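Heads up: the structure comes next, in structure tokens.
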Ligand SMILES: Nc1ncnc2c1ncn2[C@@H]1O[C@H](COP(=O)(O)OP(=O)(O)OP(=O)(O)O)[C@@H](O)[C@H]1O
Ligand SMILES: [Mg+2]
């Protein structure tokens, strides 16, 4: 049996920013593949190039060398099948929740009644039914982030890139949104790559955890998360999850290759 084509392949991606103080190498020979409908988390020290890698995968930055393939085709500019959720929700304050969610559809010329229908469905999916008419200033941080996720999902992207989407939130809200994200991911088929600083969040959500080393970032270790699905927060307290968490923690801090092999 031949392997199905991965949705995303990054091949030998290198990136150097030109800064006022000279060239800054940020990514060094990054290779990764995302199989269809899988959930992958990317962890690594601050400044190692995680956000840069996401921007490269979504076509916002052209890498110095190397390539990104989406379904076997090179990504050279932002592609509608790939959606990127940034750490800040970036909602338009003068638009309601429903209008924010439907923005990509509006830009694509979808008629108003279809947009409204889609926005209502998505609002319900992310737990915001009843808030469609609210404005961003009336939302909590977690609610705003859910709107950003709904907006990213409204065109049913094949690939969802999430850059610390819960970064600014307290632990309880993070846990609740993590479970919600799992539910959404299971309800809609898509391939997710999510950056997080939380090892337990990575274990709760993903099939695979990639560990990036310090700048210039390179994928140094890879762990598969074999906990059964559906996942629950209680699973994080099992011995298996504990061992995995320790191994990931160790890989982030010391020579990763030595830990995993
Ligand atoms: N547009 C840019 N121009 C110049 N340097 C940049 C640019 N964007 C990022 N950098 C630098 O590239 C390095 C990697 O940044 P990046 O934002 O990718 O890190 P990160 O792993 O996402 O960090 P964090 O976990 O703190 O979000 C940093 O040293 C940063 O200063
Ligand atoms: Mg970042």
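The values are calculated or read from the model by the stated rules, or taken from the named source; none is laboratory data. What you see is a predicted model, and the numbers here were worked out from it, not measured in a lab. Counting neighbours? That spans all protein chains shown, and the Cβs are built from the backbone with ideal geometry, glycine included.
Here the strands (runs of 3 or more DSSP E) wholly within segment 7-87 that include at least 1 residues being more than 16 Å from ligand 2 (Cβ to nearest atom) and farther than 21 Å from residue 251 by Cα are 8-19, 22-34, 65-70, 82-85.
Cβ separations smaller than 6 Å between residues 6+ apart or across chains give the following pairs from segment 202-227 residues that are free of Cβ contacts under 8 Å to residues at least 24 places away in the same chain and more than 24 Å from residue 25 (Cα to Cα) to residues that are part of a strand (DSSP E or B) and more than 16 Å from ligand 2 (Cβ to nearest atom): 224/208. The lone criterion from (1) touching a strand residue (DSSP E or B) at 6+ places or on another chain (Cβ under 9 Å); (2) surrounded by fewer than 21 Cβ atoms within 10 Å (Cβ to Cβ); (3) within 19 Å of residue 194 (Cα to Cα) left unmet by residue 104 is number (3). Just one residue in the set 231, 183, 243, 215 is within 16 Å of ligand 2 (Cβ to nearest atom) and farther than 14 Å from residue 41 by Cα; that residue is 215. Of all residues in segment 117-166, those satisfying the criterion of being in a helix (DSSP H, G or I) and within 16 Å of ligand 2 (Cβ to nearest atom) are 145, 148. Counting just the residues of segment 21-60 that are crowded, with 17+ Cβ neighbours inside 10 Å and more than 16 Å from residue 212 (Cα to Cα), which one comes out nearest to ligand 1 (Cβ to nearest atom)? This residue is 58. With respect to the stated conditions, residue 122 fails to be surrounded by 19 or more Cβ atoms within 10 Å (Cβ to Cβ) and at pLDDT 95 or above. Residue 259 fulfils the conditions (1) surrounded by fewer than 22 Cβ atoms within 10 Å (Cβ to Cβ); (2) touching a helix residue (DSSP H, G or I) at 6+ places or on another chain (Cβ under 7 Å); (3) in a helix (DSSP H, G or I); (4) modelled with pLDDT of 90 or more except for a single criterion, (4).
Within segment 175-212, the set of residues being assigned to a loop (DSSP other than H, G, I, E, B) and touching a helix residue (DSSP H, G or I) at 6+ places or on another chain (Cβ under 6 Å) comprises just one member, 196.
Give the residues of segment 88-97 that are on the phi < 0 side of the Ramachandran plot and part of a loop (DSSP other than H, G, I, E, B), sorted by residue number. Of everything in segment 88-97, those that are on the phi < 0 side of the Ramachandran plot and part of a loop (DSSP other than H, G, I, E, B) turn out to be 88, 89, 91, 92, 93, 94, 95, 96.
Restricting attention to segment 242-251, does a residue exist that is closer than 24 Å to residue 87 by Cα, in contact with a strand residue (DSSP E or B) (Cβ under 9 Å, 6 or more places away or on another chain) and either in a helix (DSSP H, G or I) or at pLDDT 85 or above (or both)? Please lay out each step first, then the result.
Of segment 242-251, the ones closer than 24 Å to residue 87 by Cα are 245, 248-249.
Among the residues that remain, those that are also in contact with a strand residue (DSSP E or B) (Cβ under 9 Å, 6 or more places away or on another chain) are: 248.
With either in a helix (DSSP H, G or I) or at pLDDT 85 or above (or both) added as a condition, the list becomes 248.
Yes: segment 242-251 contains one or more residues that are closer than 24 Å to residue 87 by Cα, in contact with a strand residue (DSSP E or B) (Cβ under 9 Å, 6 or more places away or on another chain) and either in a helix (DSSP H, G or I) or at pLDDT 85 or above (or both).
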